[in-house]
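Working notes for the structure below.
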Amino acid sequence: MNIKNAPISIDRMEILKRYKPITKHTHKGLQGHALIIGGSYGKIGAVCLSSKAALKTGCGLVTAFVPQCGYEIVQVAIPEVMVITDEHELDLSDIRFDLEPTAIGIGPGMGQKKETQKAFHNFLSNTIAPLVIDADALNILSHNPSWMALVPPKTILTPHPKELERLIGKWHSEEEKFFKATVFSIMNQVIIVMKGAPTYIIDGETIYLNTTGNQALATAGSGDVLTGIITSLLAQSYKPCDAAILGVYLHGLTADIALPETGYQSFIASDCIAYIGKAYLNLES
């Protein structure tokens with residue numbers, strides 16, 4: 001198993017090989033339908049950020065699946081997003097929906113209550129749609145490693161360093177971290193977006209190094225935005241690895257473009273969403 005290859009640097013030229021401009025005669029039905037699943041009492045904002053980011057990245061339709069306490073919040077915060085609710089008031093307990101999304105993002109703000117863990121297991125047992133797993137959904141997987149067998153091939157996992165450690169175990173050097181992450185990717189047939197400074201994408205034995213972004217992204221909700229961006233690209237029929245690569249690049253580019261106006265300290269996750277349009281224009285210029 002050769003994992004000593006140098007990472008492939010993801011720069012503008014690499015992105016333009018993958019980027020697909022929207023065709024002139026498209027409509028919302030052709031632009032994909034993303035489903036964002038998550039939220040719990042006090043953490044509905046995570047789903048709002050993911051859902052809005054999915055819309056701003058070009059998805060034709062976005063639906064949020066939240067506990068009942070999140071219904072009015074999402075409807076008011078993002079009127080363009082459709083909302084369906086769990087039967088439980090405060091947490092997710094039964095993830096069932098009567099629609100066929102083209103991609104699903106799950107985990108932001110979800111919590112790890114017992115009923116939520118059971119609902120997540122049932123969801124994995126019945127899901128074949130392209131999938132992004134983030135946040136508490138990753139933590140639930142780390143507590144139940146046998147459930148990785150239920151995760152569809154080419155699913156995208158988006159762990160920050162502590163979530164990654166829970167999934168693959170502790171490491172004592174950068175080399176060991178990449179070895180363990182690569183083995184985990186190969187054994188479970190998943191793509192790992194290893195969030196950090198910089199961010200790496202691991203797809204089996206191939207490692208990609210993102211070149212955009214700065215310390216402004218070290219802010220609450222930044223990861224939720226990334227989940228929405230990648231889920232949106234998956235829904236728009238990008239291949240999973242390309243969705244991860246383009247998503248991470250756009251996410252970082254928003255912070256690079258915003259920096260002269262916001263500085264590092266005052267940049268927040270909502271600014272990342274606000275600058276997605278300018279990031280696209282930067283690609284197309």
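Quick note: the coordinates plus some simple rules give every number you see, no bench work behind them. Nothing here was measured: the structure is a model prediction, and the numbers come from that model. As a convention, Cβ positions derive from the backbone with ideal geometry for all residues, glycine included, and neighbour counts pool all protein chains shown.
Helical runs assigned H by DSSP (4 residues or longer) give the chain a calculated mean residue ellipticity at 222 nm of -13000 deg cm²/dmol, each run adding -39500 (n - 2.57) before division by the residue total.
The loop-placed trypsin sites (Lys or Arg not before Pro) in region 87-123, going by DSSP, that have at most 13 neighbouring Cβ atoms within 10 Å of their Cβ come out as Arg96. Filter the GluC sites (Glu not before Pro) in region 149-241 down to the DSSP loop ones having no more than 16 other Cβ atoms within 10 Å, then list what survives. Taking region 149-241 and a limit of 16 other Cβ atoms within 10 Å, the loop GluC sites (Glu not before Pro) found are Glu205. Calculate the length of the line joining the C-alpha centroid of region 23-78 to that of region 267-285, in whole Å. Taking the Cα centre of each part, region 23-78 and region 267-285 sit 18 Å apart. Annotation for Ser173 and Ala197: the two label points, set 7 Å from Cα along the Cα-Cβ direction, are 2.5 nm apart.
Ordering Ile201, Leu16, Leu217 by the projection of their Cα atoms onto the charge dipole of the chain, which places +1 on the Cβ of Lys and Arg and -1 on the Cβ of Asp and Glu, puts Leu16 at the extreme positive end. A DSSP coil position with no more than 16 other Cβ atoms inside 10 Å describes the following chymotrypsin sites (Phe, Trp or Tyr not before Pro) in region 165-244: Trp171. For the chain, the relative contact order comes to 21 percent (Cα pairs under 8 Å, sequence separation of at least 6).
DSSP bridge analysis restricted to the chain gives an antiparallel fraction near 25%, rounded to the nearest 5. Summarising the label geometry, the points placed 7 Å from Cα in the beta-carbon direction at Lys20 and Glu89 lie 4.5 nm from one another.
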